[in-house]
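Here the structure is laid out as structure tokens; the discussion comes afterwards.
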Amino acid sequence: MQGKPFSLHFPIEVKNIQLAKHGSDSGVYDKEGRIVPSKFEGIFAKHAQSNSNALTSKELNTFIKSNREPKDYGGWVNSYVDWKILYMLCKDKNGMLQKDTIRAVYDGSLFEKMAKEKASKKQ
């Protein structure tokens, strides 16, 4: 096993994102952990049918299934859980997972963005 040991704090270090790659993933990161813009845009070009800048739950399911590698059951589960948690936490009031939100996952800014939104709601 590479990287740091497991932590209950679930730290996310974007500089080490390449260590989080697993089978049946989206392919948006290259082997060095850099975002491949064409792969990111390809998600929406191929799967965003009802809105070019967002995914519905059904479109997300189609996207997840399209990335499955044969007999990679662990990767299937990992990918499904990752995306479904993101959808549950970040879908908008219309049930759409917005492109900007997904981009924030890939560039590592999502949790900071969510914290700022929560703080502004408290005020």
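The values are calculated or read from the model by the stated rules, or taken from the named source; none is laboratory data. These numbers were taken from a predicted model, which means no experiment stands behind them. Remember, those area values only see protein heavy atoms, side chains included, never the ligands or the DNA or RNA. Shrake-Rupley method; radii C 1.70, N 1.55, O 1.52, S 1.80 Å.
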Heavy-atom accessible area per residue - segment 54-123, 1.4 Å, Å²: 67
How much length would be gained if the chain were fully extended between residue 57 and residue 38, taking 0.36 nm per residue of separation minus their Cα-Cα distance, in nm to one decimal? 4.6 nm
